Amino acid sequence: MKIFGDEEIKAIVYKQFGIEIVKVKQLAGYIDKNFAITTSEGDPYILKLSVSDPIYFLEAQNFILHKLGKENDRYPAVINTRDSNSIFEYGGYQVRLLTFLQGTFLADITVKSDELYLNFGKALASMDVALEGIEIPSLTHRHLDCQRHHGDGRLVLSVRRHALCQGLAT
């Protein structure tokens, strides 16, 4: 698997996005490569280099992030290249740039209160409701235990799950 140096990451980001990077930190990953990067203005981003997912799946992720981002700013935004592409190929990797959301990973919180779990559940329910009825035809052939499909490709929630999510999201 290719090793990317800081200077190569800076060059990729500048060439594709016109953004000057001053800090690069590779994040832990199994197959794909993710880098926390910081611009000269101090803005944080995540550069994602993927070899594990097909392009249609990455495009679906981008579509979902765009849909969620219309609702509020609690989700990362996809940054387009200078050529207005959301994904480009580099060295066998599919590359994307996302805004970085500050916060703490749930796994890194040592004391998890009932309030934390309630807020986490409300956030998931809100996301579920925002994505209700979303249409991504390229994903209709994938089987995910957490969803059902209409025959026409729209993802739908079960009636019970829908009612639960509606109640938590409000």
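For the reader, a short list of remarks on this structure follows.
- Magnitude of the charge dipole for the range 1-120, about its Cα centre and with charges confined to Cβ atoms of Lys, Arg (+1) and Asp, Glu (-1), is about 140 debye.
- Too-long pairs where the Cα-Cα distance tops 24 Å, listed order kept, from Lys10/Lys33; Lys67/Lys122; Lys23/Lys122: Lys23/Lys122
- Over all distinct Cα-Cα pairs of the range 23-140, the Kirkwood formula returns a hydrodynamic radius of 16.2 Å.
- Neighbours of Ser52, meaning other residues whose beta-carbon lies under 12 angstrom from its beta-carbon, give a summed charge of 0 when Lys and Arg score +1 and Asp and Glu score -1.
- In nm, spacing of pseudo-spin labels at Lys70 and Ala123 (7 Å Cα→C-beta vector): 2.3
FYI, it's all coordinate maths here, none of it is from the lab. These numbers come from a predicted model, not from an experiment. Because the Cβ atoms are built from the backbone with ideal geometry, glycine has one as well, and the counts that use them run over all protein chains shown.
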